[in-house]
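The values are calculated or read from the model by the stated rules, or taken from the named source; none is laboratory data. If you're wondering where the values come from, they're calculated on a predicted model, not measured in any experiment. What goes into the accessible areas is simple: the full protein's heavy atoms, side chains included, and nothing from ligands, DNA or RNA. Shrake-Rupley method; radii C 1.70, N 1.55, O 1.52, S 1.80 Å.
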Amino acid sequence: MAALSGLAGLRAPVRPLLHSGWLLCGGTHPWARAALPGLSLAQRRPFSNNKVLVDVDTSTGVAVIKMKSPPVNSFSLELLTEFVICLEKLENDKSCRGVIITSNSPGVFSAGLDLTEMCGRTPDHYAQYWKAVQELWLKLYASNLITVAAINGACPAGGCLVALTGDYRILADNPKYCIGLNETLLGIVAPFWFKDSMVNTIGHRQAERALQLGLLFPPAEALRVGLVDQVVPEEKVQSAATAAVGQWLAIPDHARQLTKAMMRKPTVERLLKGREADVQNFVSFVSRDSIQKSLHTYLQMLKQRKG
């Protein structure tokens, strides 16, 4: 199964950490140059699709993935599918060792799941959609790549879930940029693997309180509880993410990948073993008349706000 690649498909051989360019630059590690302007086109390999921009810096082995589904990067079926395709390309790229995930939309990282995919559709569509949500989480959480979330905007619900898959999370210091799994505020229960991601990050008690109350944490509070690892000025999010990737790049790939797999395998296997049951639970839950009514009401409210 493709989602198991992060656990079983460790790359070999491990790429050397000492590059000739490092020595010629007087000991400056190549990742540090990623934050500097002036890289030649030969050092960059961009590619994109409708919803995702990817820029691979071949001199550092670091790719930047930018979600570009305005206005709020909601995870539509199309965005989920294209995100997974991009991740698969990077996983198969032997020159790529790390990924920075961020947003191309000012002020928002991702608003989370696209509620229009969950309202007024058929059970088959709900099942297809939920499998795509699962697949993106599995790809990210079990990835061999170093993954850093450069959170440059609001990050509720599914946006928070994606951030939680990262090895490191950096949040812009703006009081409007809150992060959390706030599903209960919409009358929705966060699935067990959402819960597991939160518990693994901030601990059981903090996660229990946050999930029940649907808390969205502003930057300082998110840092205090451990939901993010670093808070920086908004204009420094990208450079901070580049520096963070460098710390992880300094570790031999095989040791880091095996340790990551060891730490995350139980959480990944729990979803894999119960994946079909989780899909059926989602379809059953979202198909309820009461849930459909709540989603419809909320979507109508959003339309009125836009109007």
**Complete:** Computed curve, segment 205-248, Cα-only Debye sum without solvent term, log₁₀ I(q)/I(0) at 0.33 Å⁻¹, is -1.15
**Asked** Reported to two decimal places, what Rg/Rh ratio describes segment 151-307 when computed on Cα atoms with Rh from the Kirkwood expression?
**Response** 1.01
**Complete:** Reported to the nearest 10 Å², Phe47 has, with a 1.4 Å probe, an accessible area equal to 50
**Prompt:** Pairing the Cα long axis of helix 204-213 with the longest principal axis of the chain, what angle in degrees results, from 0 to 90 and rounded to the nearest 10?
**Reply:** 50
**Message:** Can you tell me the convex hull volume per residue for segment 86-205, based on C-alpha atoms, in Å³ to the nearest whole number?
**Reply:** 129
**Complete:** Taking a probe of 1.4 Å and leaving out DNA, RNA and ligands, the chain shows per residue an accessible area in Å² of 46
**Request:** List the residues whose amide H sits under 5 Å from the amide H of Gln230, counting only those 5 or more places along or on another chain, with H placed 1.01 Å from N in the peptide plane.
**Result:** Arg169, Leu171
**³J(HN,Hα) computed for each position of segment 111-117 - Karplus, 6.51 cos²θ - 1.76 cosθ + 1.60, integer Hz, glycine/proline x** = 7, x, 5, 7, 5, 5, 6
**Message:** Suppose only helical runs count, i.e. DSSP H with n ≥ 4. What mean residue ellipticity at 222 nm does that imply for the chain under -39500 (n - 2.57) per run, divided by all residues and rounded to the nearest 500 deg cm²/dmol?
**Reply:** -14500 deg cm²/dmol
**Asked** Looking at the chain, what % of the alpha carbon pairs are farther apart than 28 Å?
**Response** 38
**Surface share of carbon and sulfur [accessible, 1.4 angstrom probe, percent] for segment 203-255** = 58
**Request:** Diagonalise the Cα gyration tensor of segment 230-307 and give the resulting equivalent ellipsoid semi-axes, square root of 5 times each eigenvalue, largest first, whole Å.
**Result:** 39, 27, 6
**Radius ratio Rg over Rh of segment 103-143, counting only Cα atoms, Kirkwood formula for Rh** = 1.06
**Request:** Return the carbon/sulfur percentage of the accessible area of segment 44-154, one whole number, probe 1.4 Å, all protein chains in place.
**Result:** 54
**Prompt:** Hey, what angle do you get for helix 192-202 against the long axis of the chain, alpha-carbon based, 0 to 90 degrees rounded to 10?
**Reply:** 50
**Message:** Ordering Val64, Val245, Val72 by accessible area with a probe of 1.4 Å, largest first, what comes out?
**Reply:** Val72, Val64, Val245
**Message:** Keeping all protein chains in the complex and leaving out DNA, RNA and ligands, what accessible area do you get for Tyr298 with a 1.4 Å probe, in Å² to the nearest 10?
**Reply:** 70
